[in-house]
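The values are calculated or read from the model by the stated rules, or taken from the named source; none is laboratory data. For clarity, every value in this text was computed on a predicted model and none was experimentally measured. As a convention, Cβ positions derive from the backbone with ideal geometry for all residues, glycine included, and neighbour counts pool all protein chains shown.
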Amino acid sequence: MGKKLKTKDIFGYTIGSIGDCASYNFVLSFFSFFMTTVAGVSPAVAGTIISVAIVWDAITDPIIGYVIDHSKNKHGKRRPWILRSLIPLGASIVLMFLNVDLPQTSKNIYYLILVLVFWTAYTAFNIPFYSFGAVITDVDSERVKLSAFREVLGYVGTFCASSVPTFIVGKMLDAGVSQEKSWFTVGILVAAIAVSTIFLMWKFTAGKESEEEVIETENINVRGFLKNILSLMKMKPYVLVILCALMTNVYMTLFNSSLLYYVTYNMGMGETQASYMFTAMTIVSIVFVPFVTKSVAVFSKNKVFVGCMAFSGIAMVLVKFTGIPNVIVGCIYVILVGVGTCAYWMCIFNFLYDVVDYDEFNRGKKRDGIIMSYYSFLLKLGGAAAAAVQGVLLSSSGFDASQSIQNPQALGMIEAMFTIIPGICVLIAGLVMAFTPLQDKRMNCLREALENKRIGKPYSTKGFEMLVAENGKEN
């Protein structure tokens, strides 16, 4: 596991990022907008539907993670779950962007059921996909390389989920096609992209999981599940990563879902102009990946992460007071925001893999499934809260989707949700990770000791003594 990865192995695993980001960002960015402006669902109800679904998704995360850690399937712990997710994931995306002719209450229930199916299927893929990164290699430099590939391909997925749909919808509307047909068409397109790339990831990762993992698996039981959850919340490094991710997800939920509102109502433009801004953010994030990768090698991922998040957070707060007068300034703004977003996705899973190694050294077994899934669980609580707050804030500000021109209070609220509120969240997320004890130098020493410990050789705790001492207090 300590050897260098071949490019085909890296690509075979990280191609799943296209499907991951395409499905996640498409639903996150446009489902609320579709329900309120196309399907005729009120903003408050739409916010409630999304919040309930994300809470449901969050609840299933640690359960699936625990089950994955204790799976005994001969094909591996993770890949069978990925395969099972494909059909419900693709079907739910398509049907969520279909404007059904039903009474309002029935329509609300229809969208609630479908979004529940979507998040369940997404979790069944997402948890084993990201936990796979902790077992495919334990070399930190190779994990950074995995993150770089995953980030670039992830932004390809984000491009397919943001710029492409808004561009296609804009062109179809210009050609006289209805909003209903336009959004249904892009729903089919995004579903096809997600399912096909996730299937390729499943295909290419055959045989990459350790057989010993399955042989050594313990039986599943409720007591063991609860014990695992409690032990995670006693790990200070893990709690810091969770707090960071929680604040970042609040930022991303508000920022991504407010962009189209801002372009439509505050700037008086449409989907085509929004696609330019989404494209600018995607391009800068891809271009910025090599810079982050090289900077991490020089300064450490913690310092790079904190610096990038501070940069983007300050930019977002300042724009609240300067405004965005045109598309060019809007593109510059999302580029500045993209710096922090890129650093987050480049670093966050490596922070979690550090926790996996830290935990394995002190507990004697790998728990990547439950660690990744409980992170996802708490992360989505932040997203659920943000979605609910967005719906309430829009309603309380007097937002009316039937009106092309909104009142000043509604415009001010949309602007705040697109700038200063997510900006403050980004600053807090960066500040939290400045205090993590899992610094790169200590973790390199720990991983060397862990490799020897796995094979029964003598090892030293020199260079990471404080991590062993802290874990002793926590467990």
* **For ILE314: the one exception among (1) surrounded by fewer than 17 Cβ atoms within 10 Å (Cβ to Cβ); (2) free of Cβ contacts under 8 Å to residues at least 24 places away in the same chain; (3) of a type outside the set (Lys, Arg); (4) over 25 Å from PHE30 (Cβ atoms)** => (2)
* To do: Please state which one of GLU218, GLU213, GLU180, GLU209 is out of contact with any Asp or Glu (no Cβ under 6 Å at 6 or more places or on another chain), acidic (Asp, Glu) and at pLDDT 90 or above.
  => GLU180
* Taking GLY430 as the residue in question, decide whether it is part of a helix (DSSP H, G or I), crowded, with 23+ Cβ neighbours inside 10 Å and small (Gly, Ala, Ser). => yes
* Structure fact -> With the first residue restricted to the range 7-32 and required to be touching a residue at least 24 places away in the same chain (Cβ under 8 Å) and of a type in the set (Asp, Glu), and the second required to be assigned to a helix (DSSP H, G or I) and surrounded by fewer than 24 Cβ atoms within 10 Å (Cβ to Cβ), Cβ contacts under 6 Å at 6 or more apart or on different chains are none
* To do: Output the residues belonging to the range 269-309 that are surrounded by 23 or more Cβ atoms within 10 Å (Cβ to Cβ), at pLDDT 85 or above and within 13 Å of VAL337 (Cα to Cα).
  => MET277, CYS308, MET309
* Specify which of the listed residues (THR341, THR272) is over 25 Å from ARG143 (Cβ atoms) and part of a helix (DSSP H, G or I). => THR272
* Neighbours by Cβ (under 7 Å, 6+ apart or cross-chain): first from the range 254-274, of a type outside the set (D, E, K, R); second part of a loop (DSSP other than H, G, I, E, B) -> VAL263/MET269; THR264/GLY270; TYR265/GLN406; MET267/ILE324
* Asked: Quick one: is PHE435 buried (at least 24 other Cβ atoms within 10 Å of the Cβ), modelled with pLDDT of 90 or more, in contact with a helix residue (DSSP H, G or I) (Cβ under 9 Å, 6 or more places away or on another chain) and aromatic (Phe, Trp, Tyr)?
  -> no
* Kindly list the number of the only condition in (1) surrounded by fewer than 24 Cβ atoms within 10 Å (Cβ to Cβ); (2) more than 21 Å from ILE420 (Cβ to Cβ) that fails for GLY382. => (2)
* Structure fact -> Selection over the range 368-418 where residues are within 19 Å of LEU116 (Cα to Cα) and either touching a strand residue (DSSP E or B) at 6+ places or on another chain (Cβ under 6 Å) or not in a helix (DSSP H, G or I) (or both) yields a count of 0
* Asked: Inside the range 107-213, counting only helices (runs of 4 or more DSSP H) that do not spill past its ends, which hold 3 or more residues that are touching a residue at least 40 places away in the same chain (Cβ under 8 Å) and more than 22 Å from the chain's Cα centre (by Cα)?
  -> 163-174, 179-204
* Asked: Among VAL100, VAL115, VAL41, VAL27, which is the only one that is modelled with pLDDT of 85 or more and surrounded by fewer than 19 Cβ atoms within 10 Å (Cβ to Cβ)?
  -> VAL100
* Asked: From the list ASN444, ASN407, which residue is surrounded by fewer than 18 Cβ atoms within 10 Å (Cβ to Cβ), farther than 27 Å from ILE50 by Cα and polar (S, T, N, Q)?
  -> ASN444
* Asked: Just to be sure, is PRO422 touching a residue at least 60 places away in the same chain (Cβ under 8 Å), surrounded by fewer than 21 Cβ atoms within 10 Å (Cβ to Cβ) and under 25 Å from VAL304 (Cβ atoms)?
  -> no
